[in-house]
Amino acid sequence: MAGARLAVLLLPRTGWSDEGPSFSCARVTSTVNKLIWATPSLAALDRDLADLVKAMPAQPTVDAAALRAAEERWVADLLRRGNDAACIETSDRRHLDELRMTSAGAASVLSPNYRPICLTPAR
């Protein structure tokens, strides 16, 4: 199940509404994903997470395989613990902050491989 959300988390949202999350609702079965679809603020956080995770591998100091493994662990943990919207929101916000810190460190002008990435502004 964790791999299912991760797979769509890493795919672009082409053709999907900017109001929904980063993944299709066609096969949503988990409580977590149902809550994300039903809660606009959670859907927006999910889109922000997906955008950042998609952009991070372009940074030369980001290990894409390690990022994917970390995302799989995070999604599995969220699916185990995320039984209400407040829990999911807290987890998503914390994870987004962690990813932004990692991304900022990877794109730091102090890094010998510095190459900035462009993301859409936070919603």
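A short reminder: the numbers here are calculations on the coordinates, not readings from a lab. Keep in mind that this is a model prediction, so the values were computed, not measured. Cβ atoms come from the backbone with ideal geometry, glycine included; neighbour counts cover every protein chain shown.
Using the alpha carbons of segment 52-109, what is the convex hull volume per residue in cubic angstrom, as a whole number?
66
What net charge do the residues around Ser91 carry, taking every other residue with its C-beta under 10 Å from that of Ser91, with Lys and Arg at +1 and Asp and Glu at -1?
0
Taking K and R as +1 and D and E as -1, what net charge do the other residues with C-beta under 10 Å from the C-beta of Pro57 add up to?
+1
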